[in-house]
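Nothing in this text is a laboratory measurement; each read-out follows from the coordinates by a stated rule. Note that the coordinates shown come from a computational prediction; the quantities given were computed from them, not determined experimentally. Because the Cβ atoms are built from the backbone with ideal geometry, glycine has one as well, and the counts that use them run over all protein chains shown.
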Amino acid sequence: MFEHWFTGSIKKLDLNMTKVISFISRKGGSGKTTNAINLATSLNKIGYSVLLVETDTNYTLISSRKLELFKRKEKEDIYFPIMASEDHRIGEEINQLKEQNKFDVIIVDSAGKTTDKGIRELCLESNMVIITTSLTQNDLLVTYQTVKDLLPAKELNKDLKLCILPNRIHSHTRMKTVKEVLKNLEADVIDTYVPQRKVYTSPSTIKAEKRYLPVANQIVKKLK
Ligand SMILES: Nc1ncnc2c1ncn2[C@@H]1O[C@H](COP(=O)(O)OP(=O)(O)OP(=O)(O)O)[C@@H](O)[C@H]1O
Ligand SMILES: [Mg+2]
């Protein structure tokens with residue numbers, strides 16, 4: 001009940017120009033794709049015009065959308081667009097899209113195997129890079145390394161915000177504990193976390209999960 005009331009109060013903020021949010025992590029399976037989809041559907045639901053870009057040549061997102069349309073027996077894709085790109089052209093493509101200023105937010109789901117060059121180009125074009133991580137020792141070590149690798153990009157792109165999104169957290173964990181664990185990282189921690197939940201394991205590319213709306217709201221707040 002409370003959750004419902006809370007999500008209903010989320011308002012769209014004026015972002016002025018196209019903002020680019022990229023999910024990057026050196027660790028495979030940390031939740032980039034899961035959160036990119038949930039963020040895209042949530043921001044779309046709040047009223048932002050969204051473009052979702054995948055650099056994974058498995059085309060996971062485009063295939064998921066096609067499958068959903070098929071299941072819904074819908075011939076035309078009338079929902080927010082999903083586009084494929086690749087490491088060697090992502091920088092240029094995002095740059096052109098930003099100039100067109102057609103979307104409020106462009107969300108990039110980068111592949112786990114993205115090259116250093118791809119990561120660098122993406123960082124230069126992004127307003128925010130989100131690193132998803134759980135609190136396991138192994139994930140924290142890789143996250144620490146990812147932040148270290150990405151920090152120099154902030155010198156070249158003064159707009160860049162480096163953020164940590166705690167993901168797959170036990171739902172009884174207190175935010176204070178999460179922050180304590182992540183406090184030594186030289187990056188902003190988003191003021192909420194994404195719990196380990198079954199609803200997040202097969203997200204829709206069309207319909208927003210209402211429990212994710214407060215997370216999307218916190219991410220946009222950091223973007224402003
Ligand atoms: N908050 C969550 N709750 C439950 N399951 C999750 C959550 N986040 C991620 N998962 C599950 O963890 C697995 C890996 O997630 P995901 O595919 O999003 O990671 P990824 O970082 O995109 O991986 P890759 O680097 O291979 O692209 C998936 O099976 C997904 O369903
Ligand atoms: Mg992925």
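Give the distance, in whole Å, between the Cα centre of the stretch 158-174 and the Cα centre of the stretch 39-58.
That distance is 18 Å.
List the residues of the stretch 103-126 whose backbone N lies under 14 Å from a point placed 7 Å from the Cα of ASP149 along the Cα-to-Cβ direction.
110-123
When only C-alpha pairs under 8 Å and at least 6 residues apart count, what is the relative contact order of the chain, in percent?
Reported relative contact order: 30 percent.
Return the long-range amide H neighbours of ARG168 (sequence gap of 5 or more, or a different chain), with a cut-off of under 5 Å between placed amide H atoms.
Amide H neighbours of ARG168, under 5 Å, 5+ apart: VAL194, GLN196.
Assign one of three labels to the stretch 86-164, namely rounded, prolate or oblate, based on the Cα gyration tensor with a ≥ b ≥ c the square roots of its eigenvalues; rounded applies when a/c is under 1.5, prolate when it is not and a/b is larger than b/c, and oblate otherwise.
prolate
In debye, nearest 20: dipole of the chain around its Cα centre with unit charges on the Cβ of K, R (+) and D, E (-)?
840
At 7 Å along Cα-to-Cβ for each site, give me the label-to-label distance between MET175 and ILE78 in nm.
3.8
Cβ neighbours within 10 Å, averaged per peptide: list 20-26, 89-95, 123-129 in order, most packed at the top.
20-26, 123-129, 89-95
How do the peptides 44-54, 187-197 rank, highest first, by the average count of neighbouring beta carbon atoms within 10 Å per residue?
Taking the mean over residues of other Cβ atoms within 10 Å, the ranking is 44-54, 187-197.
Run the helix sum for the chain: -39,500 (n - 2.57) per DSSP H stretch of 4+ residues, divided by residue count, reported at 222 nm to the nearest 500 deg cm²/dmol.
-12000 deg cm²/dmol
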